[in-house]
1. Specify which of the listed residues (ASP86, ASP70) is under 12 Å from the mean Cα position of the chain (by Cα) and closer than 21 Å to LEU5 by Cβ.
2. If you go through region 35-80 one residue at a time, how many are among the β-branched types (Val, Ile, Thr), part of a helix (DSSP H, G or I) and either in contact with a helix residue (DSSP H, G or I) (Cβ under 7 Å, 6 or more places away or on another chain) or open to solvent by 30 Å² or more (accessible area, probe 1.4 Å) (or both)?
3. Test ARG16 against the criterion of being without any contact (Cβ under 8 Å) to a residue 40 or more places away in the chain and open to solvent by less than 60 Å² (accessible area, probe 1.4 Å), and give yes or no.
4. Quick one: would you say GLN7 is touching a strand residue (DSSP E or B) at 6+ places or on another chain (Cβ under 7 Å), open to solvent by less than 50 Å² (accessible area, probe 1.4 Å), in contact (Cβ under 8 Å) with a residue 60 or more places away in the chain and not in a loop (DSSP other than H, G, I, E, B)?
5. Quick check: anything in region 81-101 of a type in the set (A, V, I, L, M), in contact (Cβ under 8 Å) with a residue 12 or more places away in the chain and part of a strand (DSSP E or B)?
Amino acid sequence: MGFDLNQQALEGHDDRLRGALAGAGLPVDDLTDAGRSFYRFSRGGETVGFGGLELYGETVLLRSIVVLSDQQGLGFGHAITLGLLDQAQRKGATCARHRPP
């Protein structure tokens, strides 16, 4: 199932991002460190989740992918992952990794 999600860049100190990640038990202490990019994903103006990436040369680390609890089970996690991979490719990445929870 494909979704046309709006992807908006965020700063690591964004309160919505920090709250969603903390609520999902994901790390928030390093969100403002250099080399991290974070995004808000929405559909019809409603936030469905957040995701982040870190570039290391041609390799990208996908991190901090979270779907808001009332949006889970609808395929948004997959759509967010694809959006992040597309963003990484535009930034020059040719290989992707993820950080296990």
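The values are calculated or read from the model by the stated rules, or taken from the named source; none is laboratory data. On a predicted model such as this, the values are computed, not experimentally measured, just so you know. Cβ placement follows ideal geometry from the backbone for every residue including glycine, while neighbour counts extend to all protein chains displayed. Keep in mind that these areas ignore ligands, DNA and RNA; they rest on the heavy atoms of the full protein, side chains included. Shrake-Rupley method; radii C 1.70, N 1.55, O 1.52, S 1.80 Å.
1. Exactly one residue qualifies, and that residue is ASP86.
2. 0
3. The answer is no for ARG16.
4. Judged against the criteria, GLN7 is not a match.
5. yes
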